[in-house]
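None of the figures in this text is laboratory data; all of them are computed from the coordinates on show. Computed from a predicted model, the values in this text were never measured in an experiment. Backbone-built Cβ (ideal geometry, glycine too); neighbour counts: all protein chains shown.
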Amino acid sequence: MRSYFESDTGFYYAVGAFTIGVFVAAVAALAAVGPSGVGTRELAGLVGGFVLFMLVYFVSITVHRLEESEDV
């Protein structure tokens, strides 16, 4: 397990998981502090944009792994 996190790809996955955790905590804090602060439309746009960003992030990690396996 340790060797997995010492690799570049493992580190990138850990950063992605941490980013998702921070985003979820921030949205939960926003909902707890001011539930009327963000409307449904704004929240859907925020979450949709974040999901799109994370999708591109994890696809780029996958491409990086494929490049490493092919020694390009």
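The sum of -39500 (n - 2.57) across all DSSP H runs of n ≥ 4, divided by the residue count of the chain, sets its helix-only mean residue ellipticity at 222 nm to -30000 deg cm²/dmol. Axis of helix 40-70 versus longest Cα principal axis of the chain: the two differ by about 0°, to the nearest ten degrees. Expressed in units of 2.2 N^0.38 Å, where N is the residue count, the Cα radius of gyration of the chain is 1.45. Of 20, 61, the sequence from fewest to most neighbouring Cβ atoms within 10 angstrom is 20, 61. Each residue of the stretch 25-34 was assigned a 3J(HN,Hα) from its phi angle through the Karplus curve 6.51 cos²θ - 1.76 cosθ + 1.60 (θ = phi - 60°); the sequence is 5, 5, 5, 5, 5, 4, 5, 6, 6, x Hz, with glycine and proline shown as x.
For the pair residue 65 and residue 25, a Förster radius of 30 Å applied to the C-beta separation gives a FRET efficiency near 0.60, rounded to the nearest 0.05.
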